[in-house]
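What follows is a single structure, written as structure tokens, with notes after it.
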Amino acid sequence: MLAAVIHAHGGPESIKAEPFPRPTAGPGEALIRVHATSLNRLDLWARSGPPVKIFPWTEPEFPLISGSDCAGEVAEIGEGVTSVAPGDRVILYPGLFCGTCEYCLAGEQTMCYSYAIFGEHTYGAMAEYAVAPANNLVKIPDRVSFTDAAALPVAYTTAWRMIGATGGIQAGDTVLVLGAGGGVSSAALQLARRAGATVYATAGTKEKRQKAVAHGAVAATDHNDQPFSQWVMEQTVGRGVDIVVDPLGATWQESIRGLARGGALVVCGATAGNKPSFDIRELYQRHRRIYGAPMGNRDDFRRVVGLLSAGEIEPIIDSVFPLTEIADAHRRAESREAFGKVVVTCA
Ligand SMILES: [Zn+2]
């Protein structure tokens, strides 16, 4: 089969589609004929090396095949699999978990003591075939394209976790989405609008701010050239927003200052810096809260897959590349221009 194989850390030119042994399904697993996958930060870091090497750092065992988002058809099933059959159109929940610890039993798979991510800790879906636990597969109807499905798992599950399960969004709420062009942020913008919230956005280029407004933000500003909390307060007549979706990290002080009393800062990343400085009095004196939301649980995943299957959301896709143009897909995802998901088709 063809796979986008990473042999060593490097730039986009270091990744290309090449022949790789096709895997087989073991007990409880399914072999998926991958039709589409999409790029997340994890894919860029798998190729480039992570920006922060958390102690104790161990070098990954190359070669790597990344790709946590996976949509395709079941090609083969391993022993004991009854939940899916060859030919089923499926989408994969990318969280890998034990199923028996206290968090798994509570339905919080991403809190599992042995939590891992498909495509980060295993070979992923940047290939013509991939193997995954059959229980992680959810069937999708014929009317859902594999391209749309592949845009969903990591970005939309995380976005829903942030604003819904964690942020507790209600119709009529106000939400600020930072870095609105990113996969999770563009998903959060879309899901927050659908939940009946008023959404404000920030983005680093004029084109992305225009796209944020085209996708339903009432206004957008640049988070780089000003203290954006002042802009938020002007927009909300001095109140602040109920939820800030912050994948940037370095922005915490301004994010906290932009919150209403009792508002929630929800964090899924630190792409602009992981050591923010802020005054904790600005947090507790106004009953503001900070939550972490790295991905979502299976219920969060099922919820966004349900919206897609019912035709209630159309994922925001920036561009689509064939697997043979994987280096260009990485360049696009790393560029400051992309708005929404960069999808890679493998069939
Ligand atoms: Zn567990």
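Key figures for this structure:
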read-out: Number of positions in segment 136-153 that are charged (D, E, K, R) and in a loop (DSSP other than H, G, I, E, B); value: 2
read-out: Pick from segment 112-130, criterion within 8 Å of the ligand (Cβ to nearest atom) and closer than 17 Å to residue 161 by Cβ, ranking: least open to solvent (accessible area, probe 1.4 Å); value: 112
read-out: Yes/no for residue 158 being closer than 26 Å to residue 45 by Cβ, within 16 Å of the ligand (Cβ to nearest atom) and crowded, with 19+ Cβ neighbours inside 10 Å; value: no
read-out: Which numbered condition residue 305 fails, given (1) in contact (Cβ under 8 Å) with a residue 24 or more places away in the chain; (2) open to solvent by 50 Å² or more (accessible area, probe 1.4 Å); (3) farther than 18 Å from residue 42 by Cα; value: (2)
read-out: Output for segment 28-51, where each listed residue is closer than 20 Å to residue 72 by Cα and either open to solvent by 40 Å² or more (accessible area, probe 1.4 Å) or of a type outside the set (A, V, I, L, M, F, W, C) (or both); value: 28, 29, 33, 35, 37, 38, 40, 43
read-out: Among (1) at negative phi; (2) in contact with a helix residue (DSSP H, G or I) (Cβ under 9 Å, 6 or more places away or on another chain); (3) modelled with pLDDT under 95 - the single one residue 272 does not satisfy; value: (2)
read-out: Cross-chain or 6+ apart pairs with Cβ under 7 Å, segment 98-110 first and more than 17 Å from residue 296 (Cβ to Cβ), then open to solvent by less than 20 Å² (accessible area, probe 1.4 Å) and within 9 Å of the ligand (Cβ to nearest atom); value: 98/104; 98/112; 101/112
read-out: Residue count, segment 82-97 (criterion: of a type in the set (A, V, I, L, M, F, W, C), within 16 Å of the ligand (Cβ to nearest atom) and touching a residue at least 24 places away in the same chain (Cβ under 8 Å)); value: 1
read-out: Test: residue in segment 38-46 that is modelled with pLDDT of 95 or more and over 24 Å from residue 315 (Cβ atoms); value: no
read-out: Among (1) more than 16 Å from the ligand (Cβ to nearest atom); (2) open to solvent by less than 30 Å² (accessible area, probe 1.4 Å); (3) touching a Gly at 6+ places or on another chain (Cβ under 8 Å), the one test that residue 109 misses; value: (1)
read-out: Members of segment 290-302 that are assigned to a strand (DSSP E or B) and surrounded by 15 or more Cβ atoms within 10 Å (Cβ to Cβ); value: 290, 291
read-out: Single unsatisfied condition, residue 168 versus (1) open to solvent by less than 30 Å² (accessible area, probe 1.4 Å); (2) outside any helix (DSSP H, G or I); (3) touching a strand residue (DSSP E or B) at 6+ places or on another chain (Cβ under 8 Å); value: (1)
read-out: Test: residue 45 is farther than 22 Å from residue 297 by Cα, among the aromatic types (Phe, Trp, Tyr), more than 16 Å from the ligand (Cβ to nearest atom) and within 22 Å of the chain's Cα centre (by Cα); value: yes
read-out: Residue in segment 154-174 that is without any contact (Cβ under 8 Å) to a residue 60 or more places away in the chain and either in contact with a helix residue (DSSP H, G or I) (Cβ under 7 Å, 6 or more places away or on another chain) or of a type in the set (Phe, Trp, Tyr) (or both) present; value: no
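The values are calculated or read from the model by the stated rules, or taken from the named source; none is laboratory data. Everything numeric in this text was worked out from a predicted model, so none of it was measured. With ideal geometry, Cβ positions are generated from the backbone for all residues, glycine too; neighbour counts draw on all protein chains shown. Heavy atoms of the whole protein, side chains included, go into the accessibility calculation; ligands, DNA and RNA do not. Shrake-Rupley method; radii C 1.70, N 1.55, O 1.52, S 1.80 Å.
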